[in-house]
Amino acid sequence: MRTEICGQSPLLPASSMAMSSFAQQFGVELPLIQAPMAGATTPELVAAVSNAGGLGSLGVGYTEPQAILEQVARVRALTERPFALNLFVLPDDFVPDMAAVAHARARLDALMEREGLAVRTTLPTRWAPRFSEQFAALCEARPAVASFAFDLPTPAQMQELKRRDIRVIGTATTAAEARAWAERGADAVCVQGAEAGGHRGGFLHAGETPLIGLFALIPLAVAVCDGVPVIAAGGIMDGAGMFAAEVLGAAASQLGTAFLACPESSAAEAWKRDLATAEDHHVATIRSFSGRAARGLRNRYVEAMEGAADELPAYPVLNALTAPLRRAAAAAGRADLVSEWCGQAAARVRPQPAAELVARLMHEYRLARRALAH
Ligand SMILES: Cc1cc2nc3c(=O)[nH]c(=O)nc-3n(C[C@H](O)[C@H](O)[C@H](O)COP(=O)(O)O)c2cc1C
């Protein structure tokens, strides 16, 4: 259909319109978002991407409110451009099944003992920061863009964001979730294909972990989003991939793993090194670190916990239990016991400063677009 409408290079005019409207709407120059990556994005990374014309995103899902405000101040000291703050939408309080917690602790402690690490699990004072307090900090910080994963903010929270002129990007892993975000009033929906690194951001479909490939998911989401721009995420590592997403109907691309290896990212050196040598069949969906499905490298810990994932407490309880173990393992140089999240195409990382990576991605994107035009 588009072929008939647009003639010889059918997809370019339509998608470039989507692209420029995305850029206008979000106040950026490029159809490129550096993904929020809680635990790995730094103010330096975010500012470098935003200064280069993309949308840098600070992942603060694990961060307490005061520290969120401090990190935002550091971003603002480095850039005047728009950037995004990203939160996990969760209930404020969790009442876990303490028998399941005890079972998980016994299993984790036994594993640490077998591996010769002195660290043991403890009961944290809180399982996760309170979302309502993080949300209040986000409103106070007033970034140009707020992005969310794991659930929808309430209608009242959406109104609060609109009142403060904060644009909203929601994460969806299925067409139904994309529609839910569009109906809730999101300014754009980021569809997370099965290829995506890190936690699955979905919230419908209890008891399932939808893993829909990005090529299928983009057009499915575009069809139900009623004109709300769709952003593509998952396994995109170069400008040709960004352009492919655009051809399928995406208004912009969100890349996470590609930015993990930048010097500005706070991923551990061992993690950065392991990305480059990751074999595609060792990049898996893993539940045993946090209690929520996430894509990362299969390693010794993942294999040791195989078969136990369904008995373990759900996110964020398991995440809080394993956090001190992961920290101790990292400090002991045991990357094989640490969560190394990454997308399906991790081996294609190109370690370089973020501004250079943005320029390179956009160069490739323009070459791909020109190649299709001829
Ligand atoms: C290390 C890591 C941490 C992530 N943390 C977050 C997060 O805090 N919030 C979020 O919405 N998405 C998070 N994601 C998912 C990204 O938003 C995005 O969906 C993903 O990076 C896209 O796939 P790619 O890594 O192959 O580019 C994370 C991804 C990675 C790799």
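Assorted remarks:
- Considering Arg200, Arg164, the condition of being within 12 Å of the ligand (Cβ to nearest atom) and basic (Lys, Arg) is satisfied by Arg200 alone.
- Taking first residues from region 172-199 that are β-branched (Val, Ile, Thr) and partners that are in a strand (DSSP E or B) and modelled with pLDDT of 95 or more, the Cβ contacts under 6 Å between residues at least 6 apart in sequence or on separate chains come to Thr173/Gln192; Val189/Gly170; Val189/Ala172; Val189/Val230; Val191/Ala172; Val191/Val230.
- Pairs where the first residue, in region 81-101, is closer than 19 Å to Thr154 by Cα and the second is away from the ligand (no atom under 16 Å from the Cβ) and of a type in the set (A, V, I, L, M, F, W, C), C-beta under 6 Å, 6+ apart: Phe94/Trp127
- Strands (runs of 3 or more DSSP E) wholly inside region 229-322 that include at least 2 residues being crowded, with 24+ Cβ neighbours inside 10 Å and either polar (S, T, N, Q) or at pLDDT below 95 (or both): 252-255
- Looking only at region 122-141, and only at residues there that are of a type in the set (A, V, I, L, M) and part of a loop (DSSP other than H, G, I, E, B), the one that is farthest from Ala67 (Cα to Cα): Leu123
- Yes/no for Ala329 being in contact with a Leu (Cβ under 8 Å, 6 or more places away or on another chain), assigned by TED's automatic domain parsing to the domain that holds Arg298 and away from the ligand (no atom under 13 Å from the Cβ): yes
- Taking the listed residues Glu364, Glu269, the one that is outside the structural domain of Arg107 (by TED's automatic domain parsing) and touching an Asp or Glu at 6+ places or on another chain (Cβ under 8 Å) is Glu364, with no other qualifying.
- Test for Arg292: is it basic (Lys, Arg) and either under 18 Å from the mean Cα position of the chain (by Cα) or away from the ligand (no atom under 16 Å from the Cβ) (or both): yes
For (1) among the charged types (D, E, K, R); (2) more than 26 Å from Thr125 (Cβ to Cβ); (3) in contact with a helix residue (DSSP H, G or I) (Cβ under 8 Å, 6 or more places away or on another chain), each residue gets a yes or a no:
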site	(1), (2), (3)
Val60	no, no, yes
Ala67	no, no, no
Val75	no, yes, yes
Leu85	no, no, yes
Leu90	no, no, yes
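- Some residue of region 204-220 being part of a helix (DSSP H, G or I) and under 22 Å from Ala314 (Cβ atoms): no
- Enumeration of residues in region 218-256 that are farther than 18 Å from Glu177 by Cβ, near the ligand (Cβ under 9 Å from one of its atoms) and among the aliphatic types (A, V, I, L, M): Ile236, Met237, Leu255
- Verdict on Glu177 being closer than 28 Å to Ala320 by Cα, within 16 Å of the ligand (Cβ to nearest atom) and charged (D, E, K, R): yes
- When we screen Leu357, Leu372 for residues that are in a helix (DSSP H, G or I) and either in contact with a His (Cβ under 8 Å, 6 or more places away or on another chain) or within 16 Å of the ligand (Cβ to nearest atom) (or both), the only hit is Leu357.
The values are calculated or read from the model by the stated rules, or taken from the named source; none is laboratory data. Just so you know, these numbers come straight off a predicted model, no measurement behind them. Note that each Cβ is placed from the backbone with ideal geometry, even for glycine, and that neighbours are counted across all protein chains shown.
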